[in-house]
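The values are calculated or read from the model by the stated rules, or taken from the named source; none is laboratory data. Because the structure is predicted, anything quoted here is derived from the model rather than measured. Don't worry about glycine lacking a Cβ; one is built from the backbone with ideal geometry, like all the others, and counts go over all protein chains shown. Each accessible area value is taken on the protein alone, full model and side chains, heavy atoms only, with ligands, DNA and RNA left out. Shrake-Rupley method; radii C 1.70, N 1.55, O 1.52, S 1.80 Å.
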Amino acid sequence: MRSESVHLLPSSIYNVYSERFYVLFIFCFLAFNQCLIWLTFSPIARSTQIYYNITESTVDLLLNWGPIVFILCLPLTYILLNRQNGLRYCVMLLALIDFLAALVRIIPLVITLPSSSKFTSISLSFLHIGQILNAICGPLVMVPVSQLSCLWFASHERTRATTAAICASNFGLTTSFIIGPLIVSSPEYLPRLLYVHLALTSIACILVMIHFPAQPLTPPSPAAELLITNSMSSWSTLAQNIRQCLTTPAFLLIALAGGLMSGVLGIWTSLFDIILKAENITEQQAGWLGFSATTSGIFGGLCLSIIADRPRFQHSLKTFILSSYFICLLAIIYFELSVHTYFFNEPILPSTILTIGLSTTLVGLCFNSASSLIYESLAELMYPLPESLSASILVQWMNMVSLLVLFIAPNRAQLINVIAFITIMTCLLMIMFARFSYQRRDEDQRRPQENSRHANIYSESQPEDT
């Protein structure tokens, strides 16, 4: 394991290791697979209904298992993650369970034929089990992102590492919009997609079982040092820490804003096929719109995280988030004026695939760009509490919102558009009134200075050699 010296200040050195990139790659691969499998059927809803002879509501339920199971499994994930070597255990569980999820969905194709009268009933049982297993992996993907970046990366790399881990999940969603309709050009090709998922999860599982380190040999920053030394957690400690978070007004405002934005707009993007049906946009075109929105968000998030990690902008997270949300608001207004709504029988602005695509791409660019900054803002605000705690509360709220929107969604496409608009307005106001602080970054700067001062005092107190 090759180490590199990181100079936080001229007199302090922390080590980072090249292995951190392998750790991040493996985690991103697993996050990509988990989201790819979660969104298997929605982008190809029409083909799924024909192949399995099921209704649209059943396809929606396969998607809904994600937030339903997530809410139940999240506390267990937090406790496991904050045990000794918790990150390694979480990643191993993630790799194994997601492989089983992909495998289970293949079983009906082996034991029966689509022409069988029992094919639908047999397949549905295994499909639900597979989606539930994949949903168990949701917290294992979303909770560790900011804690992994703190544990393995230097303070000036953390935002980029967190963004990469989040973008991997988004890229899984993006890829689902494309490879689903691309592979399943007609209903009989649906099994091919399931076999692709099985192959990907098999590769990821093998890589994790071969090698995935628990933690670096030495911490890359003072925050990582605290994280390593305070790695044990319990239910009582968890309850106390949650209470501390929920009684902090700034945390509530930022977490609610981030959870609402990700929960509502994430589902809004995944339901383009249903929302844009009235605009005569095909399933394949809706897939490309979803791809464009999420891909632009990945690009924007990576670019914004690079800027946010620069010393000059390390205390500018609020400015970046506000700017992103404001542009997102303008884009969603343009979108609303380009489609059918509750308020107008016909679109006010020219409604073409190009105009709709531009507005959805801009929405995706802005709200996804700010997502990783929300994670980092909460970690900074609640330090020295574990990064996984603030992330847990954020993603719990996010999934509760997603679940509510998914239950509203059937046959209410225009209502979802209105909810998305109201959500952005509300979240913009929340961030505007939230008071940001940067306790973790300030501590990363203070600790080395203090250690250096103590070292100088010690050296001056030693007798000189004669």
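Worth pointing out:
- Sites F407 and L217, calculated FRET efficiency, Cβ-Cβ separation with R0 45 Å, nearest 0.05: 0.40
- Check: the stretch 26-171 dipole with +1 on Lys, Arg Cβ and -1 on Asp, Glu Cβ, in debye: 180
- Computed accessible area, Y195, all protein chains, 1.4 angstrom probe, square angstrom: 110
- 3J(HN,Hα) from dihedral phi, the stretch 352-366, Karplus parametrisation 6.51/-1.76/1.60, rounded to Hz, x for glycine, proline: 10, 4, 6, 5, 5, x, 5, 5, 5, 5, 5, 4, x, 4, 6
- Three-way shape call for the stretch 121-183 based on the alpha-carbon gyration tensor, with the a/c threshold at 1.5: oblate
- Accessible area expressed per residue, the chain, with surrounding protein chains retained (probe 1.4 Å, Å²): 41
- Taking amide H as placed 1.01 Å from N in the peptide plane, the amide H of Y17 sits under 5 Å from that of E4, each at least 5 places away or on another chain.
- Those Cys residues of the chain for which no other cysteine Cβ falls under 4.7 Å: C28, C35, C73, C90, C137, C150, C167, C205, C245, C303, C427
- Estimated at 0.36 nm per residue, the fully extended path between T112 and Q414 surpasses their Cα-Cα distance by 104.7 nm.
- The average projected area of the stretch 2-152, computed from the convex hull of its Cα atoms over all directions, is 11.2 nm².
- Under a model in which nothing but the beta-carbon of Lys, Arg (+1) and Asp, Glu (-1) is charged, the stretch 228-339 shows a dipole of about 500 debye around its Cα centre.
- Acute angle (nearest 10 degrees) that the helix 235-246 long axis makes with the longest principal axis of the chain, alpha-carbon atoms: 80
- Dipole axis of the chain (+1 Lys, Arg; -1 Asp, Glu on Cβ), positive-most option in I106, Q445, S18: I106
- Positive-pole candidate from L194, L428, L182, dipole of the chain, charges at beta carbon: L194
- In order along the stretch 100-116, phi translates into HN-Hα couplings of 5, 4, 5, 5, 4, 6, 7, 3, x, 6, 8, 9, 8, 10, x, 7, 5 Hz, rounded to whole numbers, per the Karplus curve 6.51 cos²θ - 1.76 cosθ + 1.60 with θ = phi - 60° and x for Gly and Pro.
- Label point 7 Å beyond Cα of I353 along Cβ direction - residues of the stretch 294-318 with amide nitrogen under 20 Å: 294-296
- The calculated FRET efficiency for N280 paired with I333, based on their beta-carbon distance and R0 = 25 Å, is about 0.65.
- Estimated distance in nm for a label pair at I132 and S437, the labels positioned 7 Å out from Cα along Cα-to-Cβ: 4.4
- Carbon and sulfur %, accessible surface of the chain computed with the full protein complex present, 1.4 Å: 66
- Cβ-placed point charges (K, R +1; D, E -1), dipole of the chain about Cα centre in debye, nearest 20: 400
- Cα gyration tensor shape of the stretch 189-343, rounded if a/c is under 1.5, else prolate or oblate by comparing a/b with b/c: oblate
- Three-way shape label, the stretch 300-417, alpha-carbon gyration tensor, a/c 1.5: oblate
- Acute angle (nearest 10 degrees) that the helix 387-408 long axis makes with the longest principal axis of the chain, alpha-carbon atoms: 10
- Computed [θ] at 222 nm, deg cm²/dmol, the chain (DSSP H ≥ 4; -39,500 (n - 2.57); rounded to nearest 500): -25000 deg cm²/dmol
- Evaluating 6.51 cos²θ - 1.76 cosθ + 1.60 at θ = phi - 60° for every residue in the stretch 28-37, the Karplus couplings come out as 5, 4, 5, 5, 4, 4, 4, 6, 4, 6 Hz, glycine and proline recorded as x.
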